[in-house]
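Notes for the one structure printed next.
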Ligand code: GCW
C-alpha cells in the first residue's frame with residue numbers, strides 16, 4: 001500500500017492551476033517549432049529603460065518557452081530570423097529602416113517582415129517604448145495562436161485612450177462583488193513588501209493594452225488618500241509604470257471632512273477647493289504620473305455635491321480643477337438613482353445628466369454603465385450614449401459576474417460587450433454605434449475610455465475560475481479596439497490558455513459563444529431583469545418585495561400580475577423609450593417591432609401574448625428557461641469529451657464548475673417557473689417537467705455567507 005501511494009505523493013500539487021493566465025508560453029507543437037525557429041533565431045532589443053527591460057524580458061521568456069530554447073541576443077542582425085524591437089530612440093536599426101511610425105500614437109506599434117543586409121528580419125517598432133512592449137505581446141500572441149510569422153505587415157494603435165480596470169477592492173481586502181478571493185492588494189504589507197504578483201498583473205494587463213487601474217472601491221474609503229496609503233499606492237505605481245499602466249484612486253467626496261478637518265465638502269466652498277488642490281499636489285509629489293480620480297457620488301448612499309445643493313458638474317469640476325495643473329483626469333460615474341424618484345429607475349441617469357451636457361471641464365469623462373439598470377445579463381444600451389454630444393462618455397462594463405453566476409457559471413461576456421458596442425444609437429444618423437460614441441469619433445472628442453469592473457482576486461487562477469479569465473481578456477482586447485469580434489477573441493484566448501488543437505478549439509469556442517445567451521435564458525429571458533436574490537444576488541429571487549426601496553426589489557422590475565408580465569416603458573408607460581433617438585425609440589416602443597430579447601424590458605404583455613415563435617408568452621418563457629438549462633448540460637457533456645486536450649487539473653475544475661452551473665441553472669428555471677406560475681395560473685406546456693420543489697422551498701433558501709455582497 002505504502003509503495004503504491006508513493007508516486008502520487010511526489011507529484012506536484014499543481015499541474016496547471018491557471019496562474020499563468022494566457023501567458024503560459026508552453027512549447028509549440030514539434031510540427032511548428034522548426035518553422036518558428038527559423039523566424040526567431042536572435043533577439044535585438046535594448047535594455048536602457050525599465051520598459052525596454054520588461055519588453056526584452058517578456059520576449060526572452062515567451063520565445064524561450066514557446067521554442068523550448070533560450071534565444072540568443074545580439075546587437076546586430078547576424079543571421080536570418082532576427083527579431084528587432086525598439087523605437088527610433090532605442091534602436092539604430094529602427095531608424096535605419098526608415099519605417100513610417102507617423103500615426104501610431106504613443107502606444108501603437110507596427111510589426112513587419114523586412115530584410116536587413118539581406119537577412120530575413122522581423123521588426124517590432126514603435127514611437128515610444130510602451131508601443132514596442134505592446135508590439136512584443138502581439139508578436140508572441142501570433143506564435144501562441146499558431147499563426148504564420150512570414151510576410152508580416154501589421155499596424156496597431158488603440159482606439160480608446162483610457163483602458164481601465166476598476167477594482168471594487170476595500171482597504172481590508174474585501175472585494176465588493178468579488179468572487180476570486182481577497183483583494184490582490186496587500187495594503188498592510190505595502191509599501192515595504194511588493195508581491196511579485198503585482199508584476200504579473202501588470203504583464204497580463206499590458207499584454208492586452210490596459211493602461212489604467214483604479215485600485216480601490218468606488219464605494220470609497222477616504223483613508224486611501226492619506227499619506228500612508230499614498231505611499232502604498234506609489235509602490236504599486238512603481239511596479240506598473242514600466243508596463244504603461246497608471247494608477248487612479250476612487251475619491252470619496254466627503255474626504256475633506258473625514259481626513260481633513262473641514263466641516264463641509266461643498267464643492268463651491270473655497271476651503272474645500274483648497275483642500276483638494278493641496279491633496280492633488282501631495283499625490284503628484286508622491287506619484288508623478290498619477291492618473292486621477294474615479295468618483296461615485298450621490299448614488300446608493302455615497303456622499304456627493306448634491307448634499308450641498310450642487311450639481312454633478314460642479315462636483316466633478318472642482319476635482320478637475322485640482323487635477324488640471326498635473327494633467328490628471330476625473331472619471332465621474334453616471335450610475336445614480338435616488339430613493340425619491342420611483343417612476344422608473346431606468347430613466348434617472350439620463351434625466352440627471354443630459355441637462356449638464358457641456359458643463360463639465362475638458363478633463364472629465366462621464367463613466368456610463370452599458371445599460372440603464374445595472375449590469376444585467378441583457379440590457380438595451382444605455383440611452384445616455386449619444387445623448388451628451390459635448391461630453392466625452394466612457395463605457396463601464398462589469399467583468400466580475402455579479403449578476404451572471406459569480407465565478408462558477410461559465411458565461412463568456414464577449415457577446416454581451418460586443419452587442420452593446422455594436423448597438424446603433426442613431427444619435428448622428430445611422431452608424432452612430434455605441435463603440436463610435438465612446439471612441440470619440442461621433443462627436444469629435446479627444447478623451448475616450450472604457451472601464452471594466454475587475455474580476456481579479458488573490459485566488460491562484462486570479463479570476464475565481466479558468467473561464468472567467470476569458471472575460472478579463474476579452475474586456476481588455478475590446479478596450480483596445482471595440483470593433484473586434486468577440487468570437488475571434490474567444491478563439492485567441494482558448495488557443496493561448498488551453499490548446500491550439502482545432503479539435504479542442506472549435507467546440508470550446510462554440511460553448512463560450514452560446515454561454516451568455518444560455519444565462520439569459522435560464523435567468524432572465526425575453527427582457528426580464530434584476531430578479532436575483534436580495535443583497536448578495538446569488539440565485540433567483542423573483543418574489544423579492546418590500547424592504548427599504550422599491551427599486552431594490554424584483555417585483556418592481558417584472559411587474560407580473562394575473563394579467564401579464566413586463567415593465568411598460570413605452571409611451572403608454574414610463575416612456576423611458578423617449579430617451580432614445582427617434583428611430584430607436586419608435587422601434588422599442590412598438591411591441592411588434594421591439595427586438596424580442598427586450599420584449600419585457602419595454603412592454604407589459606398578457607400571458608397569452610403570441611411571441612414570434614407562435615407560442616404564447618407563458619409557454620415561450622418556460623421554453624427559454626428550459627433551453628438555458630439544456631445548453632449548460634450540453635456544455636458539460638462537450639467538456640467531458642475534451643479531457644485529452646487539457647491538463648487534468650484544469651479539466652477537473654471546469655467540469656466540477658459546470659456541474660454547479662447545471663444545478664443552479666435548473667434552480668433558476670424551477671424557482672422562476674414556480675413563482676411566475678402562481679401569477680400566470682397556466683399549466684406547463686406538454687413535455688416540460690414541473691419544478692422539482694414547491695415555491696415555498698425556493699423562497700426559504702438562504703445564503704448568509706454568499707461572497708461579494710455590498711457592505
Ligand atoms: O451593481 C451595483 C452593485 C453595488 C455597486 C453598484 C455600483 C459598488 O450591486 O455593489 O457598488 O452597483 O456600481 O456603484
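The values are calculated or read from the model by the stated rules, or taken from the named source; none is laboratory data. The structure displayed is predicted, hence computed values, not measured ones. Virtual Cβ from ideal backbone geometry, glycine too; neighbours counted across all protein chains shown.
Things to note:
- Residue within region 342-356 that is away from the ligand (no atom under 13 Å from the Cβ), crowded, with 23+ Cβ neighbours inside 10 Å and under 16 Å from residue 297 (Cβ atoms) present: yes
- Number of the condition not met by residue 382 [criteria: (1) without any contact (Cβ under 8 Å) to a residue 60 or more places away in the chain; (2) crowded, with 23+ Cβ neighbours inside 10 Å; (3) more than 16 Å from the ligand (Cβ to nearest atom)]: (3)
- Any hit, region 188-201, residues being under 22 Å from the mean Cα position of the chain (by Cα) and within 14 Å of the ligand (Cβ to nearest atom): no
- No other residue among 182, 220, 234, 251 is within 27 Å of residue 17 (Cα to Cα) and either within 16 Å of the ligand (Cβ to nearest atom) or in contact (Cβ under 8 Å) with a residue 40 or more places away in the chain (or both) apart from 182.
- Restricted to region 385-405, and to residues there that are within 21 Å of residue 513 (Cβ to Cβ) and assigned to a loop (DSSP other than H, G, I, E, B), the residue that is nearest to the ligand (Cβ to nearest atom) is 403.
- Of the listed requirements (1) in a loop (DSSP other than H, G, I, E, B); (2) at pLDDT 95 or above; (3) within 16 Å of the ligand (Cβ to nearest atom); (4) more than 16 Å from the chain's Cα centre (by Cα), residue 339 misses just one: (2).
- In the set 464, 444, only one residue is surrounded by fewer than 21 Cβ atoms within 10 Å (Cβ to Cβ), more than 16 Å from the ligand (Cβ to nearest atom), in a loop (DSSP other than H, G, I, E, B) and at pLDDT 95 or above; that residue is 444.
To keep it simple, each residue is scored yes or no on (1) within 28 Å of residue 499 (Cβ to Cβ); (2) more than 16 Å from the ligand (Cβ to nearest atom); (3) modelled with pLDDT under 95; (4) out of contact with any strand residue (DSSP E or B) (no Cβ under 7 Å at 6 or more places or on another chain).
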{"position": "610", "(1), (2), (3), (4)": "no, yes, no, no"}
{"position": "615", "(1), (2), (3), (4)": "no, yes, no, yes"}
{"position": "631", "(1), (2), (3), (4)": "yes, yes, no, yes"}
{"position": "637", "(1), (2), (3), (4)": "yes, yes, no, yes"}
{"position": "654", "(1), (2), (3), (4)": "yes, yes, no, yes"}
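- The set of residues in region 72-95 being within 10 Å of residue 123 (Cβ to Cβ) and either surrounded by fewer than 19 Cβ atoms within 10 Å (Cβ to Cβ) or out of contact with any strand residue (DSSP E or B) (no Cβ under 6 Å at 6 or more places or on another chain) (or both) consists of 86, 91.
- Taken as a whole, the condition of being under 30 Å from residue 469 (Cα atoms), in a helix (DSSP H, G or I) and in contact with a helix residue (DSSP H, G or I) (Cβ under 9 Å, 6 or more places away or on another chain) does not apply to residue 622.
- On inspection, residue 426 passes the criterion of being away from the ligand (no atom under 16 Å from the Cβ) and at positive phi.
- Any strands (runs of 3 or more DSSP E) falling wholly within region 148-261 and containing at least 3 residues that are buried (at least 18 other Cβ atoms within 10 Å of the Cβ) and at pLDDT 95 or above: 162-166, 212-214, 246-250
- Residues of region 579-594 that are surrounded by fewer than 17 Cβ atoms within 10 Å (Cβ to Cβ) and without any contact (Cβ under 8 Å) to a residue 60 or more places away in the chain: 586, 590, 591, 592, 593.
- Single unsatisfied condition, residue 69 versus (1) at pLDDT below 95; (2) buried (at least 23 other Cβ atoms within 10 Å of the Cβ): (2)
- Residue tally, condition within 20 Å of residue 397 (Cα to Cα) and within 16 Å of the ligand (Cβ to nearest atom), over region 152-173: 7
- Criterion (modelled with pLDDT of 95 or more and under 22 Å from residue 283 (Cβ atoms)) met by exactly one of 371, 328: 328
- Some residue of region 285-301 being more than 16 Å from the ligand (Cβ to nearest atom), at pLDDT 95 or above and part of a helix (DSSP H, G or I): yes
- Residue list for region 24-63, restricted to those being buried (at least 17 other Cβ atoms within 10 Å of the Cβ), in contact with a helix residue (DSSP H, G or I) (Cβ under 6 Å, 6 or more places away or on another chain) and assigned to a loop (DSSP other than H, G, I, E, B): 25, 28, 40, 46
- Applying the criterion of at least 1 residues that are over 25 Å from residue 404 (Cβ atoms) and more than 20 Å from the chain's Cα centre (by Cα) to the helices (runs of 4 or more DSSP H) found wholly in region 484-592 leaves 502-523, 582-589.
- Any hit, region 103-118, residues being in a helix (DSSP H, G or I) and at pLDDT below 95: yes
- Per-region count, region 263-280, residues in contact (Cβ under 8 Å) with a residue 24 or more places away in the chain and part of a helix (DSSP H, G or I): 6
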